[in-house]
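What follows draws every value from the coordinates through simple rules; no lab data is involved. The structure presented is a predicted model; accordingly, all values stated were derived computationally and were not measured. Cβ coordinates were reconstructed from backbone atoms using ideal geometry, including for glycine residues, and neighbour counts include every protein chain displayed.
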Amino acid sequence: MSIVIDSHVHLFPPEIALHRERFFAGEPEFKLLYGPPKSRLVSVDELLETMDEEGVDRSVVFGFPWRSMEISRVCNDYIIDQVNRHPDRLLGLSCFGFDRSDEAAAEAERGLAAGLAGVGELAFYIEGFTAEVVDRFAPVIEVLRRHRRPPLMLHTNEPVGHQYPGKCDVMLRHLYRFLQLYGDVPVIFAHWGGGFPFYHLLKREMEKVTANLYYDTAASPYLYKPEVYRLAGEMTGFDRILLGTDFPLLKASRYRRELDSAGITPEQQALILGGNAARLFGLAAEPATGN
C-alpha cells in the first residue's frame with residue numbers, strides 16, 4: 001500500500017488551544033483567523049486519532065506565523081516535542097513571523113538544528129506578499145541553504161473570487177521574483193499557489209525558475225472544482241502536487257472523494273496522496289505499517 005502524507009496540518013500547544021483569547025492582543029493575524037469560535041484548534045491526540053481514522057500515515061505539522069518571536073518559540077518547541085514523541089507519524093516545520101529578519105533566521109536555524117524538516121507555513125495575512133517581504137526572506141533562505149535545502153512552505157491564495165479570513169494580497173509577480181531569487185531551495189506554494197500552476201505553460205524561463213516548486217491542495221474543496229487536480233497536474237506535472245488538508249479545517253477523506261472524481265489515474269493519485277511528499281521529505285514511499 002502506498003504511503004499517505006498530509007503535508008499541511010496546524011497544531012498548537014494546549015495553552016493556546018484551550019485559551020486562544022489570551023493570545024489575541026498584539027496578534028491581529030491570529031485573531032483574524034482564530035477569533036471565530038468555529039475555527040478549530042486541536043490537540044496532538046485528536047490529530048493522531050484522526051490520522052488513524054483517515055488512513056494518514058504521516059502529517060507535516062506546524063504552528064502559526066506569530067508577530068511575537070517569544071510565542072513562536074513556544075509553538076516551535078511544542079512541534080519539536082511532538083515530533084520527538086511521535087517520530088514515525090509526525091514531521092515538523094518551524095514557523096514564525098517576520099517583524100525582524102535576523103530573529104526569523106535564528107529561529108529557522110534553531111528549529112532545523114532540533115530536527116525539524118523545514119520551515120513554514122509562513123504567511124503575511126494582513127500586509128500581503130509584497131516586494132519588501134520577498135527581500136526580507138534572504139537571511140532565512142541562507143539558513144536553509146546551509147542545511148542542505150530543506151523545504152519552505154509559503155501561504156499563497158488566489159487573487160480573485162470570494163473573500164474569506166486570511167485571504168491576502170498575493171501578487172503573482174512577487175511569487176515569481178521569489179523563485180528567481182531563491183528557487184534553488186524547494187518551495188511549497190500552499191493552496192495551489194493562487195493560480196500559479198498556469199504559468200508553467202510559458203515557453204521561456206519558467207522551467208528553470210520552477211524546478212524546485214511544489215504545490216499543496218490545502219482547502220481545495222472550498223476553493224476549486226475537482227478538475228483542478230487533473231488540470232494542474234497536466235500543467236505542472238503530477239510529481240509536484242502534495243496532499244494538504246489544512247486540518248483541522250478538513251479531513252483527508254474529503255480530498256479522497258474529490259480525487260476519485262478528478263479524472264486522474266490511480267498512479268497519479270498515489271503521487272499526490274503521499275509519493276511526492278515522501279520524496280520531498282526523504283521518506284520511504286511505503287508506510288512502515290499499512291493503514
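Any idea how many Lys pairs in region 5-280 come in under 22 angstrom at the alpha carbon, given 8 or more places apart or on separate chains?
Step by step, the pairs that qualify in region 5-280 add up to 6.
Give a residue-ordered list of calculated ³J(HN,Hα) values for region 4-21 (Karplus: 6.51 cos²θ - 1.76 cosθ + 1.60, θ = phi - 60°; whole Hz; x for Gly, Pro).
Karplus-based 3J(HN,Hα) across region 4-21 equals 10, 10, 8, 8, 8, 9, 9, 9, 10, x, x, 5, 7, 4, 8, 9, 4, 4 Hz.
Based on the alpha-carbon gyration tensor of region 159-291 and its eigenvalue square roots a ≥ b ≥ c, which shape applies: rounded if a/c is under 1.5, prolate if not and a/b is larger than b/c, or oblate? The partial results should precede the final answer.
Numbers: a/c = 1.62, a/b = 1.23, b/c = 1.32.
It is oblate, given that a/c is not under 1.5 and a/b is not larger than b/c.
Highest mean first, how do 158-167, 103-112 rank when packing is the count of other Cβ atoms within 10 Å averaged over residues?
Those peptides, ordered most packed to least, come out 103-112, 158-167.
Where nothing but the Cβ of Lys and Arg (+1) and of Asp and Glu (-1) is charged, how large is the charge dipole of the chain around its Cα centre, in debye to the nearest 20?
Dipole of the chain, to the nearest 20 debye: 540 debye.
Between Ala218 and residues 5 or more places away or on another chain, which pairs have amide H atoms under 5 Å apart, with H built 1.01 Å from N, and which residues are they?
The list, which skips near neighbours in sequence, is His191, Trp192, Gly244.
Quick check: from the Cα gyration tensor, does region 6-115 come out rounded (a/c under 1.5), prolate or oblate?
Verdict is oblate for region 6-115.
Where Lys and Arg each count +1 and Asp and Glu each count -1, what net charge lies around Glu258 among other residues with Cβ under 13 Å from its Cβ? Write out the running numbers ahead of the final one.
On the way: positive: Lys225, Arg230, Lys251, Arg254, Arg256, Arg257; negative: Glu227, Asp260.
Within the 13 Å Cβ shell, the charges total +4.
Give me, ordered by chain and number, the residues 5 or more places off His8 or on other chains with an amide H under 5 Å from its own placed amide H.
Close amide H contacts, sequence-distant or interchain: Val60, Thr245, Asp246.
Between region 178-225 and region 104-121, what's the alpha-carbon centroid distance in Å?
Computed from Cα coordinates, the inter-centre distance equals 22 Å.
Could you tally the net charge around Leu231, taking each other residue with its Cβ under 15 Å from the Cβ of Leu231, Lys/Arg +1 and Asp/Glu -1?
Net charge in that neighbourhood comes out at -1.
If you take the Cα atoms of region 5-280, find Rg, then find the Kirkwood Rh from the mean of 1/r over all pairs, what is Rg/Rh? Kindly include the intermediate steps, with their values, before the conclusion.
On the way: Rg = 17.4 Å, Rh = 18.7 Å.
Rg/Rh: 0.93.
Looking at the chain, do any whole DSSP H helices span at least 20 angstrom along their long axis by alpha carbon and average -0.5 or above on Kyte-Doolittle, and which?
Those that clear 20 Å and a mean of -0.5 are 69-85.
With Cβ to Cβ distances under 13 Å as the rule, what net charge do the other residues near His191 carry (K, R +1; D, E -1)?
After counting each charged neighbour, the total is -3.
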